[in-house]
Amino acid sequence: MEYADSDRANELAARANALMEEVVLPLERERIGGMTVSDGTVSDLRETAREEYDIYAPQIGEAHGGMGESFRDALPVFEEAGRSLLGATAMRVDAPDEGNMHLLELAGTDLQQETYLEPLVEGDLVSGFSMTEPMQGGGSDPKMIRTTAERDGDEWVIDGHKWWTTNGVEADFLIVLARTDRDAHPYEGCSLFIVPAEADGVDVVRNVPHMGGGTRGSSHAEIVYDGVRVPDEHLLGELNAGFLHAQQRLGPARLTHCMRFSGMAQRSLEIAKAYTSEREGFGSTLSEKDSLRHRIADAETRLHVARTAIRDAADRIAVGEEARIPVSMCKVFTASVVQDAIDLAVQCCGANGIGRDLPLADFYENVRAFRIVDGADEVHRRVIARHAFEDVDEAELEPLTRFGEPNRGGAGGR
Ligand SMILES: Cc1cc2nc3c(=O)[nH]c(=O)nc-3n(C[C@H](O)[C@H](O)[C@H](O)COP(=O)(O)OP(=O)(O)OC[C@H]3O[C@@H](n4cnc5c(N)ncnc54)[C@H](O)[C@@H]3O)c2cc1C
């Protein structure tokens, strides 16, 4: 399906597609079967993406080692990258580093950008974003945050317990959300800190065993911060504006998740169409069975609607809107579309869909988290519903709910 993307976006997408077809997918085929790739392979992939295909960190400014493309023009690159679990890693548009790079670019000081952002873009560092806490701390309701940071001279002392910090085991530094003003509402009393992983008191307890991970493999760590001291310069962004900055990170990051995952859905449908076009049974190819054709048609339709909605939300962000409601809508809808598309592809491919010769099993395991991570479905629906009911004007209710009854007065009544 073609979209009204700019010439520049199409040019970037073509380069990303060439990298995927010529390098990433062949490598994926070699590595498939639950194997993870080594750090050396990741470095090689990134070098190839950068040097030979000129497609690397398109979303980051040139001053920091990226390509300086607009969010909107980078969009189809994220979609292409999502067609393999290795794609985003290769092009350095991989979560959570991608969201952390965006935040450091937006809110970091010159020193923070030099020390953390630029090596992160290069791929020399790995980062984590540490916000979610075990029961009864911050999760779906982030106001329940318990981690604190107390000022002591020109240092901050951080105490707390986090988990599900993606990359937490491998991370060189962590961006940690903590309460800095206990008297204020959490939305006005929390701040973000850059915490080096080797700082005293950072205890990476474990990689929480989990479903998914696939060819790249990544940890989701439980981490205790026990009296961790960081200097004032490690405050990221404004004091007590941690939630604001987290939103600045999470809004676009939710949308880039949607872009990558829609690429995964596209690839799943490509595989389903290829398999069913080749495989014969009951006197014809499977692709000639209407029951499968119609389900593929529905999946294609829903994916197109998702990709159109993602473009609409990206356009709004590009002109400076927060686009909270469109982003929440994209998040809930795309997660459902992608999950269903992968499930359909598994079904279409029969036992091959379950096996690991194809990437579908890895996709299937990875997509499930998308309905929980960065805000569960119910949390985004809550936001959308609140907005929907805000528009209800009580003065206008009666005529709306009395449809069909005689019109009591007013011009045009009979
Ligand atoms: C793969 C993965 C990677 C992650 N990476 C990170 C990371 O890098 N950094 C980080 O900080 N966190 C990360 N998380 C955590 C993630 O952001 C949280 O899991 C998510 O915000 C939900 O919080 P919770 O797990 O505490 O669920 P809970 O708050 O315990 O909620 C449980 C369930 O209850 C339902 N629910 C919640 N609220 C409502 C409501 N108001 N109405 C109805 N139902 C509701 C939802 O279905 C939800 O899934 C990751 C999670 C996963 C699975």
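The values are calculated or read from the model by the stated rules, or taken from the named source; none is laboratory data. The shown structure was predicted, so the numbers you read here are calculated from the model rather than taken from an experiment. Glycine also receives a Cβ, built like all others from the backbone with ideal geometry; neighbour counts cover every protein chain displayed.
Residue check: is Gly82 at pLDDT 95 or above, within 16 Å of the ligand (Cβ to nearest atom) and surrounded by fewer than 23 Cβ atoms within 10 Å (Cβ to Cβ)? No: the conditions fail for Gly82.
Scanning for something more than 16 Å from the ligand (Cβ to nearest atom) and either under 30 Å from His161 (Cβ atoms) or outside the structural domain of Gly189 (by TED's automatic domain parsing) (or both), does the stretch 241-250 turn up at least one residue?
yes
Within the stretch 200-213, residues that are surrounded by 13 or more Cβ atoms within 10 Å (Cβ to Cβ) reach partners that are in a loop (DSSP other than H, G, I, E, B) with beta carbons closer than 7 Å, at six or more positions or on different chains, in the pairs Val204/Gly168; Val204/Val169; Asn207/Val169; Asn207/Ser219. Val228 fulfils the conditions (1) assigned to a strand (DSSP E or B); (2) touching a Ser or Thr at 6+ places or on another chain (Cβ under 8 Å) except for a single criterion, (2). Selection of helices (runs of 4 or more DSSP H) fully inside the stretch 321-398 by the criterion of at least 3 residues being touching a residue at least 12 places away in the same chain (Cβ under 8 Å) returns 324-348, 360-367, 377-390.
Consider Val327 against the criteria (1) in contact with a Leu (Cβ under 7 Å, 6 or more places away or on another chain); (2) under 17 Å from Val367 (Cα atoms): it satisfies all of them except one. Which criterion is unmet? Only one criterion in (1) in contact with a Leu (Cβ under 7 Å, 6 or more places away or on another chain); (2) under 17 Å from Val367 (Cα atoms) is unmet by Val327, namely (2).
Would you mind stating whether Gly108 is more than 22 Å from Thr148 (Cβ to Cβ), within 12 Å of the ligand (Cβ to nearest atom) and in contact with a strand residue (DSSP E or B) (Cβ under 7 Å, 6 or more places away or on another chain)? Spell out how you get there, then give the answer.
Working: more than 22 Å from Thr148 (Cβ to Cβ): yes; within 12 Å of the ligand (Cβ to nearest atom): no; in contact with a strand residue (DSSP E or B) (Cβ under 7 Å, 6 or more places away or on another chain): yes.
No, not satisfied.
Inspection of the stretch 208-216 finds no residue satisfying the criterion of being farther than 17 Å from Glu133 by Cβ, within 13 Å of the ligand (Cβ to nearest atom) and assigned by TED's automatic domain parsing to the domain that holds Ile342. Looking only at the stretch 35-85, count how many residues are part of a loop (DSSP other than H, G, I, E, B), under 22 Å from the mean Cα position of the chain (by Cα) and not acidic (Asp, Glu). So the answer is 18.
State yes or no: is Asp183 touching an Asp or Glu at 6+ places or on another chain (Cβ under 6 Å), over 26 Å from Asp94 (Cβ atoms), surrounded by fewer than 18 Cβ atoms within 10 Å (Cβ to Cβ) and not assigned by TED's automatic domain parsing to the domain that holds Gly66? Against the criterion (touching an Asp or Glu at 6+ places or on another chain (Cβ under 6 Å), over 26 Å from Asp94 (Cβ atoms), surrounded by fewer than 18 Cβ atoms within 10 Å (Cβ to Cβ) and not assigned by TED's automatic domain parsing to the domain that holds Gly66), Asp183 does not qualify. Every residue in the stretch 340-375 that is out of contact with any Gly (no Cβ under 9 Å at 6 or more places or on another chain), more than 20 Å from Ser277 (Cα to Cα) and of a type in the set (A, V, I, L, M, F, W, C), please. Matches in the stretch 340-375: Phe370, Ile372, Val373.
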